[in-house]
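In what follows, a single structure is set out as structure tokens and then discussed.
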Amino acid sequence: MLQLIFLLQTEGQIRYSIPEEMKKGSLVGNIAQDLGLDLKRLRSGRARIVTGESIQYTELKTDKGTLVVNERIDREQLCGDVTPCSFTFEILLESPMELHPVTIEIQDQNDNPPQVLYPVQTGGSLVAELVPRSADVGYLVTKVVAVDVDSGQNAWLSYKLQKATDRALFEVGSQNGEIRTIRQVTDKDAVKQRLSVIVEDNGQPSRSATVVVNVAVADSFPEVLSEFTDFTHDKEYNDNLTFYLVLALAVVSFLFITCVVVIISVKIYRWRQSRVLYHSNLPVIPYYPPRYSDTLGSGTLQHVYNYEVCRTTDSRKSDCKFSGAGSQNVLIMDPSATGTMQRIQSEKSILDEPDSPLEV
């Protein structure tokens, strides 16, 4: 939105009026033109801003002769409730020395919503206004108090009843925020009454705040205490129950999805392993029984007999027992090894004799 910048020049003093919250680098005014100075004078005189403030809100561009915003300006932070809000500094030039005072007036913008002071909105405890059942028409229940830190018409507030348990029982004053009864209270009216009041300022665009007012329609304090205690307990119980139900559902869903993913991963892994073994071209390694030994070509037979030796302290009485061949179905014999077979059989017959002196 285009903001208008006003210029006043009286008795050699320059005065600018700008809105608050302008962006850094926004133009404030052409200081060279307004002071009747050319750019050469600004550069030769080393023109600069002199201020006693710790924050320099404006900056002088000597190459263009303009004054721009150097720091975000918050009117409420700068002046508080003081109106009008402004700050002053000097433009200093050397050779010869010149001093030109400049005043910047800050226009208020509707940048703050209303703040509700009463009723105080508490998160843990429940505050209620007591209305007796004997209350007549126009009974003052309570008053909503709010303020706006903006100034002028931006701080004008209006009040409006937004929601209510029984809209025919209460009304809110549009200018003062007073909540009053608009009819006689009866025994049929509920003890717990809840009103929602909206507070708006007069800015463009307007800002608002909402406050909840709890009203208890009862003649005795114990009745009010029991009603609102149950109400608070039920609300907290329902909130906790909903939270735990949602948490349990999330945990169960996570565990179920995790189990499904693990099962599918195991199935895929086993299937891939079986496919790899099926298509593998690796040679098959033969398996021999534990008592079957291979001579690895060191003897005349391809396979030899296994045997076990049983000895006593007297070696002449030791026994040598042969076990059957590792394979008894087929025996492949080389004709050239006939003599060797005869020699082995003769040695076996000697070992079979009870008193054989041969020791193995």
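Express in nm, to one decimal, how much length is gained between R43 and V260 on full extension, taking 0.36 nm for each residue of separation and deducting their alpha carbon distance. Each step should come with its number before you reach the end.
Values: separation 217, 0.36 × 217 = 78.12 nm, distance 7.69 nm.
Length difference between fully extended and current span is 70.4 nm.
The figure for T165 is an accessible area of roughly 80 square angstrom, using a 1.4 Å probe on the protein chains alone.
Here the label points at K163 and V137, each 7 Å from Cα along the C-beta direction, are separated by 2.9 nm in the simple model. Over the stretch 77-138, accessible surface divided per residue gives 55 Å², non-protein components excluded, 1.4 Å probe.
Within the set of other residues whose C-beta is less than 13 Å from the C-beta of L42, count the net charge using Lys and Arg as +1 and Asp and Glu as -1. Intermediate results must be reported in sequence, preceding the final value.
Working: positive: K40, R41, R43, R46, R48, K61, K64; negative: D34, D38, D63, E94, E98.
Residues near L42 contribute +2 overall.
Label positions at E59 and E90, each projected 7 Å from the Cα along the C-beta direction, are separated by 2.4 nm. Look at the Cα gyration tensor of the stretch 44-173: its axes a ≥ b ≥ c give a/c of at least 1.5 with a/b over b/c, and that counts as prolate. Multiplying the residue separation of Y118 and R180 by 0.36 nm and subtracting their alpha-carbon distance yields 20.7 nm. Solvent-accessible surface (1.4 Å probe) assigned to S208 amounts to roughly 60 Å². Placing a label point 7 Å from the Cα of S26 along the Cα-to-Cβ line, the residues of the stretch 75-91 whose backbone N sits under 12 Å from it are 75.
What is the local net charge at G152, summed over the other residues whose Cβ is closer than 11 Å to its Cβ (Lys, Arg +1; Asp, Glu -1)? Local charge sum for G152: -3. Note on D81/V145: beta-carbon distance plugged into 1/(1 + (r/R0)^6) with R0 of 22 Å gives a FRET efficiency of 0.80.
The values are calculated or read from the model by the stated rules, or taken from the named source; none is laboratory data. As the structure is a computational prediction, the values presented were derived from the model and not from experiment. Positions of Cβ are backbone-derived with ideal geometry, glycine not excepted, and every protein chain shown enters the neighbour counts. Surface accessibility is based on the protein's heavy atoms, side chains included, excluding ligands, DNA and RNA. Shrake-Rupley method; radii C 1.70, N 1.55, O 1.52, S 1.80 Å.
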